[in-house]
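This report refers to the structure that appears directly beneath it.
Every read-out reported here was derived from the displayed coordinates using simple, explicitly stated rules and does not represent laboratory data. Here the structure is a predicted model, which is why all the values come from computation and not from measurement. Note: ideal-geometry Cβ built from the backbone for every residue, glycine included; neighbour counts use all protein chains shown.
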Amino acid sequence: MLVTESDKIREDIRKLTETYGRDRSALMPILQEVQKKYCRISDIAMQEIADLLSIHPVEVYGVVSFYSFLDDKPKGRFIIRLCRTISCTMQGKARVAKQLENDLGVLFGQTTADGLFTLEWANCLGMCDQGPALLVNDQVFTQVTPDKVHDIIEGCRRSFAQHVSQKREEH
Amino acid sequence: MISSVDKTCPLTFASVDPDAALKAVVGKKRSEVLAEVAASGLKGRGGAGFPTSVKWNLAAAARGQEKFVICNADEGEPGTFKDRVILSDYADLVCAGMTAAAYAIGATRGIIYLRGEYTYLRPHLEDVLARRRGRSLLGPKILGKDGFDFDIEIRMGAGAYVCGEETALIESLEGNRGEPRNRPPFPVDTGFMSRPTAVNNVETLAWAACILANGAEWFKKHGTEKSTGLKLFSVSGDVERPGVYEFPLGITIAELLRHVGGENAKAAQIGGASGHCVPASQFERTIAFEDVPTGGSVIVFGPDRDMLEVAENFLEFFVEESCGQCTPCREGSRKLLEGVKMLRKGTCSMKYLRELCGLGQTMQLASKCGLGQSAPNALLSIVEHFKDDILGRTPQAV
Ligand SMILES: Cc1cc2nc3c(=O)[nH]c(=O)nc-3n(C[C@H](O)[C@H](O)[C@H](O)COP(=O)(O)O)c2cc1C
Ligand code: SF4
Ligand code: FES
């Protein structure tokens, strides 16, 4: 039987409600899991979550749009978030930002054509004594200099290639 | 490249046994635990400085079969990172503090609200919780005490500074947009799921555990009459030795700067973006709830820093992080940011600057929550103390 992407999302969400329950307070954890797995929360996902939690899809959208770590639009596999707050600014974040744009070939707010990277600004990451700081998904990098940008990006590419080949072996 | 070492000075937390705190707690009556915390004079370390015992007493007195203890680990104030260090190195102390609070107010469920940016700390915290369950420090009948049931779960934030405000945090936990509520009612009586809830900062809970282990008198050896005890500071900016420090409340800014290697600073931002910018001429002022209050953020500006750039950076922060619910904050922050941009271009008249300051004062009074009330603070203090820096700039300076 052919399982479509939307069937898979629905099935995943149903499983998540088994873990977190169907109370409204389960909404954030469910959204966070969907975001993590699919790099976005699609209309189909929002509709399914709304149905299972017995709320209106507009309510779900309202929550998704409020939080900067939740997205309805597709994002890259790796979201790079550079701290733009004052301590990192004083430690040279502007040049790191420029190098990120140069090496990725996109501007802040954009995603690379291969869908691998999204470049964003973040506010203070709580690493102010070791700035400039950035997050790659959940991982934090500190004291980033322009010359380290290339290594960080290549590290992501390598881990993605590894992930893809592992997936192939599984099949 | 991932930070492994923190440049921290020795912390008192390292010398306190979290188990001793809980053992002391179960040997006491609820009222005795509350009395010990009251005697210590402990005030909230999250920024607002509300007396912890008052909060716990209210939650204890509130009626409801189910009550909650929430640890506010949203640490989003620019320049603050001490809660991250506490959660990395002294999570057991924080859990002991939460468990003590649960005992004192009669709560059965605890939640750590961890900011999304600290997701990498979650596996470590889950380990700590699992170990505590295994040792009967969490779960049913804690330390064998009948009727003392309490467990802690972790919930994640998702990149919204305003969710550090306690009512917005509760909204977020309930699956809503993180928009602050009108108060009253207060969380101590109508909190998470409308149940009585004590929300405390990470550091507050850790100190509460220390107090219960070592006694109120031990805690009061440091600090001032109105600001008892030691406090953790997150120091960054133009200093030789940035990092996490522990000092008694009541320390002068000058002395703090000597310890961290920031003597030649021209200003220090105390309390993060929502705090105040203190010029060098006032470095003899003390950091304490009765003088310059802080949640622990100290950002130091060297002689060559452009204070307008600082103001602009902070206002951009508030424009982005305002939840948009009320007009003074939403529109006011934007107007102030526009004004700073005019100042940087050198196109702002004195008359307009006065209007901006008036708008800032209106925001302080009319905004619904602490975010909008404190958004103008940095700009107003910079305008007050650094007029020479900001007026009549030539456009090339941008
Ligand atoms: C905009 C805003 C953000 C806040 N962020 C935090 C935070 O990240 N961590 C925190 O402990 N308190 C924060 N607070 C203060 C909380 O509302 C609350 O006072 C605090 O968690 C109470 O704990 P305490 O009494 O132990 O300090 C914030 C307040 C406001 C207005
Ligand atoms: S002051 Fe700002 S953050 Fe607070 S409720 Fe109003 S708009 Fe939202
Ligand atoms: S200012 Fe960048 S991590 Fe805090």
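Here are the numbers for the structure shown:
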{"item": "Count - residues of segment A:61-89 that are surrounded by fewer than 21 Cβ atoms within 10 Å (Cβ to Cβ), within 12 Å of chain B (Cβ to nearest Cβ) and among the charged types (D, E, K, R)", "result": "1"}
{"item": "Residues of segment B:130-174 that turn out to be in contact with an Asp or Glu (Cβ under 8 Å, 6 or more places away or on another chain), more than 16 Å from ligand 2 (Cβ to nearest atom) and either among the polar types (S, T, N, Q) or not in a strand (DSSP E or B) (or both), as a count", "result": "7"}
{"item": "Residue in segment B:183-196 that is buried (at least 24 other Cβ atoms within 10 Å of the Cβ) and in contact with a Cys (Cβ under 7 Å, 6 or more places away or on another chain) present", "result": "no"}
{"item": "Residue that is farthest from the other protein chains (Cβ to nearest Cβ) [pool: residues in segment B:172-183 that are within 12 Å of ligand 1 (Cβ to nearest atom) and of a type in the set (D, E, K, R)]", "result": "B:ARG183"}
{"item": "Residue that is nearest to ligand 2 (Cβ to nearest atom) [pool: residues in segment B:26-70 that are farther than 20 Å from B:THR228 by Cβ and assigned to a strand (DSSP E or B)]", "result": "B:ILE70"}
{"item": "Subset of segment B:28-78 that is over 11 Å from the mean Cα position of the chain (by Cα) and within 14 Å of another protein chain (Cβ to nearest Cβ) - its residue that is farthest from ligand 1 (Cβ to nearest atom)", "result": "B:GLU66"}
{"item": "A:GLN162 being more than 16 Å from the chain's Cα centre (by Cα), assigned to a helix (DSSP H, G or I) and buried (at least 17 other Cβ atoms within 10 Å of the Cβ)", "result": "no"}
{"item": "Considering residues of segment B:355-396 that are β-branched (Val, Ile, Thr) and over 17 Å from B:GLN282 (Cα atoms) only, the residue nearest to ligand 3 (Cβ to nearest atom)", "result": "B:ILE390"}
{"item": "Tally of residues being within 16 Å of ligand 3 (Cβ to nearest atom), of a type in the set (Val, Ile, Thr) and closer than 18 Å to A:GLY155 by Cα across segment A:70-99", "result": "2"}
{"item": "Which listed residue is surrounded by fewer than 21 Cβ atoms within 10 Å (Cβ to Cβ), out of contact with any helix residue (DSSP H, G or I) (no Cβ under 9 Å at 6 or more places or on another chain) and not β-branched (Val, Ile, Thr), from A:GLY92, A:GLY109", "result": "A:GLY109"}
{"item": "Elements of type helices (runs of 4 or more DSSP H) in segment A:42-135, at least 2 residues being among the charged types (D, E, K, R)", "result": "A:43-53, A:93-104"}
